[in-house]
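What follows is a short report on a single structure.
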Amino acid sequence: MPFNVGLSGLNAASADLEVISNNIANVNTTGFKGSRAEFADLFSFNRYGTQNTQMGQGVRLSNVAQQFGQGNLEYTSNGLDMAVVGEGFFTVRTGAGYAYTRAGNFQPDNAGNIVLPQGGFLQVYPPNGMGGFDQSTLTDLRIQTGQGAPSATSTATFRLNLPANATPPATTPFDPTDPTSFNESTSFTAYDSLGATHAANVYYVNTGPGAWEAHMTIDGNPAGGPIAVTFDANGAILTPAGGSVTFPPYTLANGANPLALTVDMANVTQYGDAYSMGSIVQNGYGAGNVSTIDIDNEGVVSVRYSNGQTEALGRIALADFANAQGLQKIGNTMWAETNASGQVIRGVAGTGDFGQLQSGALESSNVDLTQELVKMIKAQRNYQANAQVIQTDNTLTQTIINLRG
């Protein structure tokens, strides 16, 4: 009997060393979670279902428990590196279905999909077109490398002052090439629906006290006729109502949609005896190339273009389980759902029990190397002690055999 008890101890110590060695081997594996060998003692029962003796029959490996404690964060210069700070797993799509990981060392593949180096497409909730995200659908995160679409200018907002003591110009009629036929002018760049730029100019012609005409040219060509603009005795714009000066659509030669511009002059004043320019803001922009990828701590992935525009691509889908220790290891620092883990609970960072996301950082292995080395020494001593038990029992048996001889 001591042979069997000692043998069970050898097997247990060997299993303990296997778990420890695996932990040590993965001490530098991103997102790795260490394991702990757990043991239970053995008793034998007779045919009546009661224990023969109070002496144990050895030991067995009862469980290898995964330890999902938080690993340290290592900060990087890669914006696609991510770490979950708190509860939750990244969801990735593999050839066998969905898998879950704490490793956030993502990178783009040759098609722009965001993947793990060992395989697995990062899953996100797509935009729903209303400023939010559709949390009923999972999709691969893909970074489009093409240009961002342009947007035609529709409104230009002016902040300026026209001189209150202005008089009608000496030359009539208005001619944009003759400075003596207008009092002041304002220039800005407008974009068409194809992203091409056009020089837009607004000319101000005084027609009497508090009365003006606004003329516009696009690329030097007249864009409709004059529009009357008047100011009250306090220097505030009176007409058009609300200060919106709308010019008729201008047909372009490059095939773009006609350029329809409205100049917001609500903040244009008529004070003093000098023209002063404050600011001009127009709402159009040209095409842009992908500049950077931004990921906030709530998992919203946005692409920023060189034209200053941003576009939300999705919100990173996180997963959690009632019993994370019940997850099945499938390699490559990934886990799969099982009956023991319970059904997957999906959500996003910063809600419910889910933690925050940290972009530009990786979660390192949660293995404490010093602790593992101490445990290794203990497992080695256990192995040696059980081997000594077998050796001692062998000596006793040999003694008995010699006595019979």
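Taken together, the residues in segment 113-144 that are touching a Leu at 6+ places or on another chain (Cβ under 9 Å) and outside any strand (DSSP E or B) amount to 5.
The number of residues in segment 238-248 that are more than 17 Å from Phe174 (Cβ to Cβ), in contact (Cβ under 8 Å) with a residue 24 or more places away in the chain and either in a strand (DSSP E or B) or not assigned by TED's automatic domain parsing to the domain that holds Thr171 (or both) comes to 1. Within segment 313-333, being more than 20 Å from the chain's Cα centre (by Cα) and of a type in the set (A, V, I, L, M, F, W, C) holds for Phe321, Ala322, Ala324, Leu327, Ile330.
For segment 27-79, a tally of residues being surrounded by 11 or more Cβ atoms within 10 Å (Cβ to Cβ), aromatic (Phe, Trp, Tyr) and at pLDDT below 80 returns 1. For segment 257-274, the criterion of a residue being in contact with a helix residue (DSSP H, G or I) (Cβ under 8 Å, 6 or more places away or on another chain), farther than 30 Å from Gly86 by Cα, assigned to a strand (DSSP E or B) and not aliphatic (A, V, I, L, M) is satisfied by at least one position. Screening the candidates Phe106, Phe89 for the property of being in contact (Cβ under 8 Å) with a residue 60 or more places away in the chain and of a type in the set (A, V, I, L, M, F, W, C) yields one hit, Phe89. With the requirement that a residue be exposed (fewer than 15 other Cβ atoms within 10 Å of the Cβ) and either in contact with a strand residue (DSSP E or B) (Cβ under 8 Å, 6 or more places away or on another chain) or not polar (S, T, N, Q) (or both), what does segment 369-401 give you? Leu369, Leu373, Val374, Ile377, Lys378, Arg381, Ala385, Leu396, Ile400, Ile401 - these are the residues of segment 369-401 that are exposed (fewer than 15 other Cβ atoms within 10 Å of the Cβ) and either in contact with a strand residue (DSSP E or B) (Cβ under 8 Å, 6 or more places away or on another chain) or not polar (S, T, N, Q) (or both). Quick check on segment 137-157. Is at least one of its residues surrounded by fewer than 21 Cβ atoms within 10 Å (Cβ to Cβ), of a type in the set (A, V, I, L, M) and free of Cβ contacts under 8 Å to residues at least 24 places away in the same chain? Looking through segment 137-157, none of the residues is surrounded by fewer than 21 Cβ atoms within 10 Å (Cβ to Cβ), of a type in the set (A, V, I, L, M) and free of Cβ contacts under 8 Å to residues at least 24 places away in the same chain.
Given segment 299-405, what strands (runs of 3 or more DSSP E) lie entirely inside it while holding 2 or more residues that are of a type in the set (Ser, Thr, Tyr)? Step through it out loud before you land on a result.
On the way: elements: 300-305, 310-316, 318-320, 328-331, 334-336, 345-347, 356-359, 361-363.
Where strands (runs of 3 or more DSSP E) fall fully within segment 299-405 and carry at least 2 residues being of a type in the set (Ser, Thr, Tyr), they are 300-305.
Restricting attention to segment 296-312, does a residue exist that is over 30 Å from Tyr285 (Cβ atoms) and over 16 Å from the mean Cα position of the chain (by Cα)? Scanning segment 296-312, I find no residue that is over 30 Å from Tyr285 (Cβ atoms) and over 16 Å from the mean Cα position of the chain (by Cα), so the answer is no.
For (1) over 16 Å from Ser154 (Cβ atoms); (2) loosely packed, with under 14 Cβ neighbours inside 10 Å; (3) β-branched (Val, Ile, Thr); (4) not assigned by TED's automatic domain parsing to the domain that holds Asn161, each residue gets a yes or a no:
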residue: Gly195; (1), (2), (3), (4): no, no, no, no
residue: Asn201; (1), (2), (3), (4): yes, no, no, no
residue: Val205; (1), (2), (3), (4): yes, no, yes, no
residue: Ala211; (1), (2), (3), (4): yes, no, no, no
residue: Gly220; (1), (2), (3), (4): yes, yes, no, no
residue: Pro226; (1), (2), (3), (4): yes, no, no, no
residue: Phe231; (1), (2), (3), (4): yes, no, no, no
residue: Ala236; (1), (2), (3), (4): yes, no, no, no
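So is Glu363 among the acidic types (Asp, Glu), out of contact with any helix residue (DSSP H, G or I) (no Cβ under 8 Å at 6 or more places or on another chain) and more than 26 Å from Asp134 (Cβ to Cβ) or not? Spelling it out, Glu363 is indeed among the acidic types (Asp, Glu), out of contact with any helix residue (DSSP H, G or I) (no Cβ under 8 Å at 6 or more places or on another chain) and more than 26 Å from Asp134 (Cβ to Cβ). The sole residue among Gly112, Gly88, Gly131 that is outside the structural domain of Asn28 (by TED's automatic domain parsing), of a type outside the set (Ser, Thr, Tyr) and under 19 Å from Leu362 (Cα atoms) is Gly88.
Contact map, segment 312-325: residues that are over 20 Å from Val290 (Cα atoms) paired with residues that are among the basic types (Lys, Arg), Cβ distance under 8 Å, separation 6+ or inter-chain. Pairs shown: Ala317/Arg346; Leu318/Arg346; Ala319/Arg346.
The values are calculated or read from the model by the stated rules, or taken from the named source; none is laboratory data. If you're wondering where the values come from, they're calculated on a predicted model, not measured in any experiment. Cβ coordinates were reconstructed from backbone atoms using ideal geometry, including for glycine residues, and neighbour counts include every protein chain displayed.
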